[in-house]
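Peer 1: Structure below; questions to follow.
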Amino acid sequence: MSQHTAGLAIETAGLVKTFGETRAVDGVDLAVPAGTVYGVLGPNGAGKTTTVKMLATLLRPDGGEAHVFGHDIVREADEVRSRVSLTGQYASVDEDLTGTENLVLLGRLLGHGRRTARDRSAQLLAAFGLTDAAGKQVKHYSGGMRRRIDIAASILSTPDLLFLDEPTTGLDPRSRNQVWDIVRAVVAQGTTVLLTTQYLDEADQLASRIAVIDHGKVIAEGTKGELKASVGAGSVHLRLRHAEQRPEAEQVLRLALDADVQPDPDPVALTARLSAAAQDTAAEQAARALGELARSGIVVDNFSLGQPSLDEVFLALTGHDTGTGPGPDTGTGTGTDRTDTDSDSTKDGVAA
Ligand SMILES: Nc1ncnc2c1ncn2[C@@H]1O[C@H](COP(=O)(O)OP(=O)(O)OP(=O)(O)O)[C@@H](O)[C@H]1O
Ligand SMILES: [Mg+2]
């Protein structure tokens, strides 16, 4: 793979990194289309940060190769560095400086004049809803403000490729949404984003393609739809008119669909997971199920056909769940750097 494939921001082949006995990254192949958000999804210790660090030229691979915009990450590391920016899992702005001081300092380091550095800082602080906090030392920021100043710092000069390593781990739902808006705004301006996350809904929200990694290996790759389709055909959700008809409905569905049928906590609701092995499509299976229910005199008030969730995808691919739950509030707590000394008081949203 010494030829660069047009249209790809990142191309890796057999990338390996070992730490002693641990094969942290164990032969990773990635092809990240330019101008998109690419999600790298995996649980703790999967090798996400190690992969990102190699691509950002902070770690030297032990095997395989990788190109960033056609530049070899080892032999042309300077070229790569000039085009990428990394927002680490563990943020790196100076705690003792204010928001403004951090951004101005970084701007000056990037070679901007004093005036430009100040203007750009003010602009970014406003866009990230941090104007009120601009004069405060970063150590007094909440977790959400901290994550936003960190991303602001990494896009001070618009990078062609931005690495976001678990940008929302430990954030509350509102702060997560703000970070998501920022990511969308950054991509709208032409930057490619490689986003690592443990949150399936985050990859689902932001990424156009997703690589699922576990134990240093890519275990699945594709668009969200492809990933979901590879795991199962989806689920049928039903609401019955009469709760007492539910046991019979379960039986009918099992027979008609060969599906895994689960009663909901709601006494009139049911979910049937459709078999991916079935000959006919999810829609055809669902239609057959409705027909069988009607023939049995079971009244269905409401019906929907959904694709599998990414949680189900992960479970099916790895045999274990992500271990992190559906969102930050149920996470295991690793990697969080929330400072609860100050509530996130910025009310203004994030401008594009
Ligand atoms: N500097 C290091 N020295 C030794 N082992 C390391 C080092 N960095 C990472 N590892 C190991 O490599 C594996 C992958 O770690 P990595 O940090 O890449 O995972 P991750 O997917 O980013 O996990 P998390 O979601 O917890 O951030 C882990 O087993 C980790 O313990
Ligand atoms: Mg990590």
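Peer 1: Would you confirm whether or not segment 194-216 contains a residue that is within 22 Å of Leu317 (Cα to Cα) and free of Cβ contacts under 8 Å to residues at least 40 places away in the same chain?
Peer 2: Yes, segment 194-216 contains a residue that is within 22 Å of Leu317 (Cα to Cα) and free of Cβ contacts under 8 Å to residues at least 40 places away in the same chain.
Peer 1: Sticking with this structure for a sec: Given the structure, is Leu106 part of a loop (DSSP other than H, G, I, E, B) and assigned by TED's automatic domain parsing to the domain that holds Met54?
Peer 2: No.
Peer 1: Against the definition (surrounded by fewer than 21 Cβ atoms within 10 Å (Cβ to Cβ) and free of Cβ contacts under 8 Å to residues at least 12 places away in the same chain), how does Ala256 come out, yes or no?
Peer 2: Answer is no for this residue.
Peer 1: Right, something else. Just to be sure, is Leu86 in contact (Cβ under 8 Å) with a residue 12 or more places away in the chain, touching a strand residue (DSSP E or B) at 6+ places or on another chain (Cβ under 7 Å) and not in a strand (DSSP E or B)?
Peer 2: No, not satisfied.
Peer 1: May I pose another question? Restricting to segment 139-164, and then to whatever is among the charged types (D, E, K, R) and under 15 Å from Val93 (Cα atoms), can you tell me which residue is surrounded by the fewest Cβ atoms within 10 Å (Cβ to Cβ)?
Peer 2: Lys139
Peer 1: Which one of these is in contact with a Phe, Trp or Tyr (Cβ under 6 Å, 6 or more places away or on another chain) and more than 10 Å from ligand 1 (Cβ to nearest atom): Ala13, Ala56, Ala31?
Peer 2: Ala56 is the lone residue from the list that is in contact with a Phe, Trp or Tyr (Cβ under 6 Å, 6 or more places away or on another chain) and more than 10 Å from ligand 1 (Cβ to nearest atom).
Peer 1: Out of (1) without any contact (Cβ under 8 Å) to a residue 12 or more places away in the chain; (2) surrounded by fewer than 16 Cβ atoms within 10 Å (Cβ to Cβ); (3) within 26 Å of Thr168 (Cβ to Cβ), what's the single condition that is false for Glu95?
Peer 2: (1)
Peer 1: Moving on. Can you give me the ranges of the strands (runs of 3 or more DSSP E) entirely in segment 1-79 with at least 3 residues that are within 16 Å of ligand 2 (Cβ to nearest atom) and hydrophobic (A, V, I, L, M, F, W, C)?
Peer 2: So the answer is 22-33.
The values are calculated or read from the model by the stated rules, or taken from the named source; none is laboratory data. Owing to the predicted nature of the structure, the values given are computational and were not obtained by experimental measurement. Because the Cβ atoms are built from the backbone with ideal geometry, glycine has one as well, and the counts that use them run over all protein chains shown.
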